[in-house]
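Visitor: This structure is in structure tokens; I'll ask about it shortly.
Read-outs throughout are calculated quantities, based only on the coordinates presented, and are distinct from any laboratory measurement. On a predicted model such as this, the values are computed, not experimentally measured, just so you know.
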Amino acid sequence: MNKTELCKTIGSSLREKASKDPSFSSMTDRQVTQVMEEFMDTILSELKNGNEVSISSFGKFYPLKKEAREGRNPKTGKTIQIPKSIAAKFKAFQAFLSELNDKD
């Protein structure tokens, strides 16, 4: 599932719930996409600043700083310099993993 499909699925689900329960707020697919983009931008910004983002019952995103190092081009065998970088990591929380592996 890509981002567009995810946003359409969430929008459809919200509209369905809103039609059955007036306390639910309906959103268009475009509004869901805007929320999703803001969600991703916020996580990216926090990771760039070296911060973790923890979402209860889901998991946490955290930055992993990688120092500059020497590497080797596997095709030519030539030594290359790999610059320092930040990798984004995700650790699922136990509640999420339990739900994922629930055997009904």
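Visitor: Could you grab me the full set of residues in segment 45-81 that are under 30 Å from residue 100 (Cα atoms), in a strand (DSSP E or B) and of a type in the set (Ser, Thr, Tyr)?
Guide: 54, 62
Visitor: How many of the residues making up segment 27-44 are assigned to a loop (DSSP other than H, G, I, E, B) and polar (S, T, N, Q)?
Guide: At the first step, the residues of segment 27-44 found to be assigned to a loop (DSSP other than H, G, I, E, B) are 27-28.
Subsequent filtering for residues that are polar (S, T, N, Q) retains 28.
Here the count works out to 1.
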